[in-house]
1. What number goes with the only condition from (1) at pLDDT below 90; (2) under 25 Å from residue A:142 (Cβ atoms); (3) more than 7 Å from chain A (Cβ to nearest Cβ) that residue B:65 does not pass?
2. Can you pull out every residue in the stretch A:292-350 that is within 18 Å of the chain's Cα centre (by Cα) and assigned to a strand (DSSP E or B)?
3. I'd like the full set of residues that are more than 8 Å from chain A (Cβ to nearest Cβ) and under 13 Å from residue A:125 (Cα atoms), limited to the stretch B:78-101.
4. Can you find, within the stretch A:107-131, the residue that is surrounded by the most Cβ atoms within 10 Å (Cβ to Cβ) among those that are facing another protein chain (nearest Cβ under 8 Å) and over 16 Å from residue B:118 (Cβ atoms)?
5. For the stretch B:338-365, give me the residue count where each residue is more than 30 Å from residue B:514 (Cα to Cα) and crowded, with 22+ Cβ neighbours inside 10 Å.
6. Using the structure shown, decide if residue B:451 is without any contact (Cβ under 8 Å) to a residue 12 or more places away in the chain, more than 24 Å from residue B:313 (Cβ to Cβ) and surrounded by fewer than 20 Cβ atoms within 10 Å (Cβ to Cβ).
7. So if I check each of B:365, B:426, which one is assigned by TED's automatic domain parsing to the domain that holds residue B:445, touching a residue at least 24 places away in the same chain (Cβ under 8 Å) and more than 23 Å from the chain's Cα centre (by Cα)?
8. Got a sec? Which of B:411, B:329 is within 13 Å of another protein chain (Cβ to nearest Cβ) and in contact with a helix residue (DSSP H, G or I) (Cβ under 9 Å, 6 or more places away or on another chain)?
């Protein structure tokens, strides 16, 4: 070890050199491998020992250990100690998102080989912004993008042969996640909606003032169900439309975008003569409920009115790999653009997303060139992306598809959907719970409604007060369960019944870990009931015996 | 191995389970570690064997192997084979950015422990968008951000004590790179420049039409030297200003932003009454030249006119860790916002960037909330970021600072600056080269000007023709050297002399690899001279014997 890293914690030139030259001698090599073994299995042991959201240390107390804001001049720790500290101090206080009892968010377990693949991308450290810092990885990325485009759009062989390695066209781009994928899609839509006229070339070049003045407009809007991901509002703000102009359409009794309300709004917006609809966004599925909007009908509407149709399939996109459930996404192939996340149901490590376009020239609307990078006509993948420098995430996706096959992914997707259905059945059977949204994909929302309150609600008295009690109850159950650290569901706010006029606190479960079994889900519900029993008498006298 | 991965390439449930449960038996564990060893040293061997930009395979030929756009239903390869393929087929055709002969781009060698740290973040797979999927990592990130803020702004202990773990304020955010860091800074600046008035609350909420109408404006602009990174133009387009409104100011004889031209333009813009200046951007240093703009003077101008002062220190930021050269960035502490990249001179793997704000409430201008994530008053780090889900890059930076100390980073920075000066000296001594921009930091631009052409140029005849010849010559030298695969410099276009009225092709070297020695730089120049000799007679008769 003396050969590998400094025995004394002093920064000097010799030490520095050592961290850049990987060691040649067998002993030092062994030490480096040993470290990696610790990472693979030391963290693994933590994952076995700690379930749920980790032991409870109050945030304030935890924060006290992270107050020092000075940077040490000399080294403080050797690599071995840093790894030990992470295993013993950081990991146990991190969140065990890999636990099968962690069913609260869209971050979950990943296949263990993903750590190897991520290590490979770090070791190669290619930057796919530019061919000169990535070469074959840029070519591989174009291929992976074509594979994904084909999964979504199912064009013919000739189409893909023409575009897969075409340096002029772009079927899609990797992004750092669904947020920047959605932003990219709406950015393209915004730039495409107003044609050049006189001095006005594009919003991208001339900005909003000239754009609106030239086209005699006052407003540009995006329409999406109120269940749209918050990144869509953010996109509206960022892109200069104003986030109030990302208009939330009510959902219908199926929790999908209300098509009649959408149509009525389109008519109204078109008739004022001052508003341009930039895009309509369909969800597949919604972040909170997993609901899929009626994509074929949305496609019809967009076609009729010549509006950009974007599908946010950040969550649901990989369902296309399941022959059994791909039909749920019917109509997605008619979208002008589609967002799909890699770190969600492609089970890749944080972070990678993608956005695809039906028209291989659509991304020209956001192309940027520079003479030191991204030259015209080159393969440089940074020309048509929001982000600049990017790691070679496509290598991970490509490798994972080769290791698992589409069928491997399909099995996980199908497990999630079917286990979510079983879960909803279990919730329905328990008298003190109400299923709020049935799973279309692998997301179930529900809430606890103690029988005593159910009866009172039925009488129609004190509805507002009772709902407040239920909100507090469900908030507390979620919090207490999270803090106990055995399991984790999340919470959000939805209409408990489609006809409600207010949003209630609901529990939200996302079943994506293939190790999450029906038995585990029973345990989670048992625990919630036990928590209720424990707090009922004191905090919720209304629900008493 | 039979226990670990399928012996047959069939996707089934049993196989799937195996990739999610890390193996308990010693034999399987050994295999996984062996794979990691291959990754660490198999790729390492490639790095030793292949220097420069890799063996030459024409792009078109390379592309032919990446044409298949179908996804296999069943698995095609085992993990072991995927790793073998990457080592034997992908890596040799990737770019060896870690070679000390690769001095062309801002992507370079990283200390070997970075691969371990990246593997750790993948194994933990925390999502710092939200406390519930990151816990201690969110708290650690706040600490690291405060350390970096302190490096830039040097506020007092009380300030950092008040903000380091404050859930209401935000000193900065991690981004996926300098591009989104710059966009974030200008996004905040755009939203801050117009005060609420009547129905108008903010551009973010109401959009450009209301903003401009309320304030009786027609144009919002950003001012930056023509050496500004292309992400600034992109930001102008994305944010709705129009990229033509990111106005490039000429550089002066020192290649810094021309202050008199800047001042004149500010006066002109202010006098038209219809234009608002969103921000002035100072470079530290410029992507192409490494030049640092006169930050104290820019700060004075911004202060006088109450304009947001952004410093793009994506490249130069870490120079602040060098006691010897930190003075070069004097004035940066007066910036309203500062971009610094992690994957550049913090030597982290792709990709991570950061943006800091002097005012801990500045980022409130881009805050977004959602009931399922990013709740008000929470530590959720996704509230004030452009990106959504994010990996815990702060753990890598924090660990690296502990392993190397600020002095360790300083040594690398100082090596780069001093070696670049030596390099410029070597170029100057060779009669056939011209230094175009002297290194302020660790970037040197130069070009080959054969002596025969130098004489003709001096006579003042045929200037345009001679410059075209020189452009072609330098383009070819760069290309031939790159294709030979022994070493790599990049190229861009700059004025060869400050008084030129056109941009010439120049060679660009970035000295950031601590293994790049003066001897290697001599070899690179020797090779360029040799290439010239070889092509001179045929392609460049003008420069003949």
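1. Result: residue B:65 passes all but (1).
2. A:292, A:310, A:311, A:312, A:337, A:338, A:339, A:340, A:341 - these are the residues of the stretch A:292-350 that are within 18 Å of the chain's Cα centre (by Cα) and assigned to a strand (DSSP E or B).
3. B:96, B:99, listed by residue number.
4. If we take residues in the stretch A:107-131 being facing another protein chain (nearest Cβ under 8 Å) and over 16 Å from residue B:118 (Cβ atoms), then A:130 is surrounded by the most Cβ atoms within 10 Å (Cβ to Cβ).
5. 3
6. Criteria not met by residue B:451.
7. B:426 is the lone residue from the list that is assigned by TED's automatic domain parsing to the domain that holds residue B:445, touching a residue at least 24 places away in the same chain (Cβ under 8 Å) and more than 23 Å from the chain's Cα centre (by Cα).
8. B:411
The values are calculated or read from the model by the stated rules, or taken from the named source; none is laboratory data. Bear in mind the structure is a predicted one, so any value in this text is a computation, not a measurement. Counting neighbours? That spans all protein chains shown, and the Cβs are built from the backbone with ideal geometry, glycine included.
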